[in-house]
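To keep things clear, I will list the structure first and then write my remarks on it.
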Amino acid sequence: MIFRKRLFTVLLIACAAGALYAVSRTGLTVEPAEETEEIEEPLFGHRETLYLWYTDEAMTDYLSSVAVAYNDYQEEARVIPVYTSGAEYLETLNQASLHSEELPDLYIVGNDSLEKAYLAGLASEIQVPEGVPSLENFYTPTAVQAATYHGKQIGYPLYFETSSFLYNKTYLEDWARAQIEAERDVAEAEAAEAALAQNGPEEEAVETDSSGASDGADGSAAADGNAPDGDAPDSAGESQEPDGIDEAEVAARVEETLPKTIDDIRAFADVYDAPEQVEAIFKWDVSDIFYNYFFVGNYIDVGGPSGDRDDSINIYNEDAIRCMRVYQNLNQFFSIDAEETSYAGILQDFIDGKIVYTVVTTDALAKIEEAKENGEFQYEYGTSLLPDVNEELVSKSLSVTQCVVVNGYSEHKDMANDFAVYLSCYNVDNLYDRTGKIPAKTGVTFENENVQAFIEEYEKSAPNPKMIGTSNYWVEMEIAFARIWVGNDANAELKSLSEKIMTQVRGEAYTEEYIDVPEDIIPEEEYLDEGMEAETE
């Protein structure tokens, strides 16, 4: 567009010069017109054009609407969103920056690509415009760190992806009611036994005549003076009134039932009387690192808080080994075949009511809501923080933050920076409703209360590292998880992974010192039980 505009200007000048030359050749003089007719200025006249690149097609309508609003908001620039394939995104962007007249002035990219972008000159340090508060007023520390590279803020966080815990609320409410009723029955039975022990058996009721009057000497009717009308016990001793369970009591019980640790899930699975259609209490995609990483995320460090320090890598340690052993033991308990599971399939199973608990990313909410509207999801659902590994080992999920970055090659950095602030800091209130993406900015309200669990997970998540030297880290970690899941030694796998990544980062062979972590000791009573079973056999 810039090239065409310049060409049009050159042509106008050339035409004017040609006319003057023709007049001079004829010897005529040019008289000024009495009135100059006003020429209508073309749309967006005198405005610079900013090109915004992005790779997620789901953002197209939203970005177009924001661009239109921004174009109406000010008169200096107009923004044109440009959808680009995600394959070799930065390479394509770099080529366009070097060789195209319509180079991208700003673009949206994951925080894990920021080091590569910065070193290629495609990302410049941002300057928050005058009058705009610092980024800490808009974002959590997690979001700010995601967009930081070696202490420099080189992007504005726009939206994020992370994982959270998803549960079938209807199943848990039914379970809660059943437990409350059972406890009430037990309490009533114990109260009756206590009354019997204290007062002895009740006297036999006296026969009544046809009029209903008792045969007693005083002719009075027999009645229990302590019970209100209509509330007397029937012949079976049960209340004729409805169960009267308060919904607040059910909600409180559901909250208590939600697992705080993986051990809580196992304990629930042992006692839960599942409906016939339920095929699994807890099932998740064990083949994808994004849904597995929370098991070990709190004890592995790749790049420090901002994911950009090659001197801050800690993969092989005692706590990480213990976490992966817990993960491995779950295969024996839940029997999930990694080769036969997929995230899409598991989410569909949840929608079909076949799973009670699972681990999902933010996209699950929109899919479940759509299924509810179509009548394909017959339940209520809820989200919560991912459970800890156990009472000692804490969980931490993985997150990726999509950032708005100003291109270092842009000739209009200040204008691009102004729009980046407008897009990410001041115009995200309807981002989730339009795209299903949860904005990184704080203080946004959502109609769907289940978004909150993802926000809380994001605030304590481990950001995807930015370092080029660890670009294959996730592939290697996923391989390690897969091997440990099927029975490989967790200690050996983590040691091997750490040595591989450290060798890449340092550029020379690296060997970890072996850490001796004893297997968890089986409690003595379990040994006794096993011995008794052996003797019986």
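The values are calculated or read from the model by the stated rules, or taken from the named source; none is laboratory data. All of these numbers come straight from a predicted model, not from anything done at the bench. Here Cβ is always computed from backbone atoms with ideal geometry, including for glycine, and neighbour counts include all displayed protein chains. In case anyone asks, the SASA skips ligands and DNA or RNA and just uses the protein heavy atoms, side chains included. Shrake-Rupley method; radii C 1.70, N 1.55, O 1.52, S 1.80 Å.
Packing order of peptides 66-73, 513-520, highest average first: 66-73, 513-520 (average count of other Cβ atoms within 10 Å over each peptide's residues).
Tally up the carbon and sulfur contribution to the accessible surface of segment 280-400 as a whole percent, 1.4 Å probe, everything protein left in place. Whole-percent figure for carbon plus sulfur exposure: 38. Shown here for segment 370-423: GluC sites (Glu not before Pro) in loop regions (DSSP other than H, G, I, E, B) with at most 10 other Cβ atoms within 10 Å, namely E391, E392. Taking all protein chains together, D61, D105 sort by accessible area into D61, D105, largest first [probe 1.4 Å].
Would you tally the net charge around V400, using a Cβ to Cβ cut-off of less than 14 Å, leaving V400 out, and scoring K and R as +1, D and E as -1? That works out to -4.
Taking a ≥ b ≥ c as the square roots of the eigenvalues of the alpha-carbon gyration tensor, segment 436-516 is classed prolate because a/c is 1.5 or more and a/b outweighs b/c. Taking packing as the residue-averaged number of other Cβ atoms within 10 angstrom, the listed peptides 454-466, 333-345 run from highest to lowest as 454-466, 333-345. Is segment 305-464 rounded, prolate or oblate when judged by the Cα gyration tensor, a ≥ b ≥ c being the square roots of its eigenvalues, rounded requiring a/c under 1.5 and prolate requiring a/b larger than b/c? Oblate shape, in that a/c is at least 1.5 and b/c is the bigger or equal ratio.
Over 21 Å between C-alpha atoms is what I'm after, so list which of K413/K466; K460/K495; K169/K283 land there. The answer is K413/K466; K460/K495. Of the peptides 415-421, 137-143, the order by per-residue mean of other Cβ atoms within 10 Å, starting with the highest, comes out as 415-421, 137-143. Amide H to amide H, with H built 1.01 Å from N, A462 comes under 5 Å of S397, L398, S399, counting only residues 5 or more places away or on other chains. Where the alpha-carbon atoms of segment 359-398 are placed on the principal axes, they occupy 43, 19, 10 Å, in descending order.
Taking a ≥ b ≥ c as the square roots of the eigenvalues of the alpha carbon gyration tensor, segment 340-418 is oblate, as a/c is not under 1.5 and a/b does not beat b/c. For segment 345-419, the list of trypsin sites (Lys or Arg not before Pro) that fall in a loop by DSSP and count at most 12 other C-beta atoms within 10 angstrom is empty.
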